[in-house]
Amino acid sequence: MSNAVGKPSHVRWAIYSRAFFGLMQRDLRVLTREIVPFVIRVAMNPLLFLFVFTYVMPHMTGGSKMSPVAGMAAAGGGGFGTVLLPGLMAVAIMFSGIAAVALPLAQEFGVTREIDDRVMCPLPIGAVAIEKIIFSAIQSIVAAAVVFPLAYFIPSTPVLAHVSSWWFLAVVLVLASLLAGALGLTIGTLVQPKQIGLIFGVVIVPITFLGCVYYPWAALKSIKWLQLCVLVNPIVYISEGLRAALTPSTGHMPAAMILTMLVVFLALLTWIGLRGFANRVIS
Amino acid sequence: MSESIVEILGLRKVYNGKNSVTAVDGIDLHVPAGLIYGLLGPNGAGKTTTISIATTRAIPTAGSVKIAGVDVVAHPALARRSIGVVPQFNTLDRSCTVAENIYFHCRYFGLTKTEATARTAQLLDQFRLSDRAAAYPQALSGGLAQRLQIARAIAHRPRVLFLDEPSAGLDPQSRIAMWEAVQGLRGEGITVVLTTHYMEEADELCDRLAIIDHGKILIEDTPAALKASIGGDKIYDLRMRGVRDSGILKRNLQTIEGVTRVEVIDGGLRVLARAKDGLLAKVVTMANEFGLRDLTTTEPSLETVFIRLTGRDLRE
């Protein structure tokens, strides 16, 4: 191999980008081989959620009274399905980030030490971690796309979706998906591999239930302290961003605030994740 | 001596923590291109840390490492193009098949699809892994997994291959197969740097050796020269009934022609001598009068060299 030090920077970038795309190709090969488990993983949660809350419960006697946000949904127009569509997409995006980055990292840092091989690529260490975020983001977007037809066909009351700006939707979707990957990287590098099982109880369940997934943020106004507390949860901005882009009739945060906070959390979690990654692989 | 492919200068590594540990304490090393070079020392001597720094996976506290002229601390990503690594543990990609492990490694290093496919087929053949190409690494025995790791590590044609304890956990047969694979790399112009704490491995495989202990290089030479430094081709350990008058016996033994040195050891004396007919008989006759109980004959090994340098056994 020739000595590339001192060569023009485009030679270096060619080396780096080939390594980067090599890693992407490897991940794509592994993902396509496990496409069935992947689809089951991303579809099962929204499928059952929509089925139980927007199909089964409305068919029960008095089921509408049991529906947690019946009044709220009625006020905003559309059924609970309209509230759930952006929320379940947010969960799908977030969970893909965990499943695509945090869980594999726990294995690669743990017993197998497979990461040592990936780190030996002719690529700056940080780029190996960035590749994981980007590949996870692609999976998140696919996962979000899977939710959409489910939410369209399952609920007994039709979902009121209305996209006024496709650009806004695209930007929210991309930022949210990258954010989920960065969250996965942060969790995967900060949590000890042995304790990765705990993150479901300690991290994922709380950020989902307190992430404005099953209710719009504006509807928390009657519990002011909670409405303020959930602002530190990045999932809130994913849910609210998708709500603003897809189902604006249920009410949502201001678009500028959503985009700003998505960028802030993306930068913060990427920074923490990259530091954690470097600490793990370089001694 | 030809050009140094690995140049280590004043290397130090201190791990800070509750008890800070100096793993590498001022190592200088020049590995000439084309050799199989061994770092021999007990566990914890600093061999793995040295290799970790040289392969960009650890940052030195002081000093520098250049691989093929590239500073590994300043340009880690580019230095990796000249480096192949087989770490102590199995780092094969469990989600990819045997062939894919090599194929994607080639892709990471910029080979085109056609080149990577051809190189994969060639390496599978060279390392006799073709019939396992579609298997997953979990299904491989320790010896096969190790061969695959070596095949993968050299897939991008690095200038230097680092092997960290390559025979740890291998059965004797796999070890010999691994040695053959490593010796086969000579013909490809790949310099090999390996760490080991097996004397036989160092002796059998390496062209030159550095003996390391407590983060320092104690001596560096060819295995033959290191063994010759002991000062004899035969070592007779005499076990005596008592050690009284051993001073007289020692002086007497030194007068025998061919004896190069006599040392006091635990429970007796050690005689270093050149191989010579009749010498053993003279030693036995002389020692018998002083209460010789037992005698063992050995030839100098790297183990003897290590004990002489450190006063300890390599396996301790």
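Entry for the protein assembly as shown at q = 0.07 Å⁻¹: log10 I(q)/I(0) = -0.58, Debye formula applied to identical alpha-carbon scatterers, no solvent contribution. Cα extents for chain B along the principal axes, largest to smallest and rounded to whole angstrom: 78, 44, 41.
GNM on chain B, C-alpha springs below 10 Å: top fluctuator among B:Glu180, B:Glu188, B:Glu257? Judging by the Gaussian network model, the answer is B:Glu257. Loop-located trypsin sites (Lys or Arg not before Pro) across region B:95-133 with a Cβ neighbour count of 13 or fewer within 10 Å are B:Arg128, with loop assigned by DSSP. Going toward the positive end of the dipole of chain A, with +1 on Lys and Arg Cβ and -1 on Asp and Glu Cβ, which of A:Leu85, A:Ser17, A:Thr32 do you reach last? Projecting each Cα onto the dipole axis, the largest value belongs to A:Ser17.
For A:Ser164, A:Ser283, A:Ser140, A:Ser177, the sequence from fewest to most other C-beta atoms within 10 Å is A:Ser164, A:Ser283, A:Ser177, A:Ser140. Annotation: peptides A:257-266, B:271-280, ranked by per-residue average of other Cβ atoms within 10 Å with the highest first, follow the order A:257-266, B:271-280. Using C-alpha pairs under 8 Å with a sequence gap of at least 6, the mean separation divided by the residue count of region B:164-316 gives a relative contact order of 23 percent. Across peptide A:11-20, the average count of Cβ atoms from other chains found within 10 Å of a residue's Cβ is 3. Helices of chain A meeting both criteria, an alpha-carbon length of 20 angstrom or more along the long axis and an average Kyte-Doolittle score not below 0.0, with helices taken as full DSSP H segments, are A:35-50, A:80-97, A:125-153, A:166-190, A:255-281.
Working note: 222 nm ellipticity from helices only, DSSP H runs with n ≥ 4, each -39,500 (n - 2.57), summed and divided by the residues of the protein assembly as shown, gives -15000 deg cm²/dmol to the nearest 500. For region B:148-257, the set of trypsin sites (Lys or Arg not before Pro) satisfying both a DSSP loop assignment and a count of at most 16 other C-beta atoms within 10 Å is given as B:Arg241, B:Arg244.
Basic side chains Lys and Arg get +1 at the Cβ, acidic Asp and Glu get -1 at the Cβ, and with that the dipole of chain A about its Cα centre reaches some 240 debye.
Antiparallel beta bridges, as assigned by DSSP with both residues in chain B, represent about 70 percent of the total such bridges.
Let me make sure I get this right: for region A:171-283, a, b and c are the square roots of the gyration tensor eigenvalues over alpha carbons, sorted descending. Under 1.5 in a/c it's rounded, otherwise prolate if a/b > b/c, else oblate. Which is it? It is prolate, given that a/c is not under 1.5 and a/b is the larger ratio.
Taking the DSSP bridge list for region B:108-239 and keeping only pairs wholly inside it, about 50 percent are antiparallel. Think of region B:67-192 as having a plus end and a minus end, set by charges on the Cβ of Lys, Arg, Asp and Glu; of B:Gly69, B:Ala135, B:Ile154, B:Gly69 sits farthest toward the positive end of this dipole. If you plug the beta carbon distance of A:Gln227 and A:Val111 into 1/(1 + (r/R0)^6) with R0 = 45 Å, you get a FRET efficiency near 0.55.
Here region B:22-137 is assigned +1 on the Cβ of each Lys and Arg and -1 on the Cβ of each Asp and Glu. Its dipole about the Cα centre then comes out at about 200 debye. What the pair-distance distribution of region A:9-281 shows, using all Cα-Cα distances binned every 10 Å from zero, is 7, 29, 33, 20, 9, 2, 0 percent. By DSSP, the beta bridges lying fully in the protein assembly as shown are antiparallel in about 70 percent of cases.
Of B:Val70, B:Val262, B:Val85, the residue with the greatest mean-square motion in the GNM of chain B, using alpha carbon springs below 10 Å, is B:Val262.
Sorting A:Trp271, A:Trp167 from the fewest to the most surrounding beta carbons within 10 angstrom yields A:Trp167, A:Trp271.
For B:Lys282, the aspartates and glutamates whose Cα falls under 16 Å of its own Cα, not counting residues fewer than eight places away in the same chain, are B:Asp237, B:Glu257, B:Asp294. Considering only the Cα atoms of region B:2-84, their convex hull presents on average a projected area of 5.6 nm².
For region B:199-261, the spherically averaged projection of the C-alpha convex hull amounts to 6.5 nm². Remark: mean inter-chain Cβ contacts per residue of B:53-60 equal 3, using a 10 Å Cβ-Cβ cutoff to other protein chain atoms. First check a/c for region A:88-131, with a ≥ b ≥ c the square roots of the eigenvalues of its C-alpha gyration tensor; if it is under 1.5, answer rounded, and if not, answer prolate when a/b is larger than b/c or oblate otherwise. It is oblate, given that a/c is not under 1.5 and a/b is not larger than b/c.
Hydrodynamic estimate: the Kirkwood radius of region B:231-299 over Cα pairs, inserted into Stokes-Einstein at 37 °C and 0.692 mPa s, corresponds to D of 283 µm²/s. Inter-chain Cβ neighbour count for B:73-79, averaged per residue, equals 6 (cutoff 10 Å, partner chain atoms only). Stretching B:Glu299 away from B:Ala33 to a fully extended chain increases their span by 92.7 nm, per 0.36 nm per residue minus the current alpha-carbon distance.
Annotation: the residues A:Val202, B:Val24, A:Val119, sorted from fewest to most other C-beta atoms within 10 Å of their own C-beta, follow the order A:Val202, A:Val119, B:Val24. Most mobile of A:Leu103, A:Leu228, A:Leu123 per a Gaussian network model of chain A (Cα springs, under 10 Å)? Comparing A:Leu103, A:Leu228, A:Leu123 in a Gaussian network model of chain A, the most mobile one is A:Leu228.
No lab work stands behind these numbers, since they all come straight from the coordinates. What you see is a predicted model, and the numbers here were worked out from it, not measured in a lab. Positions of Cβ are backbone-derived with ideal geometry, glycine not excepted, and every protein chain shown enters the neighbour counts.
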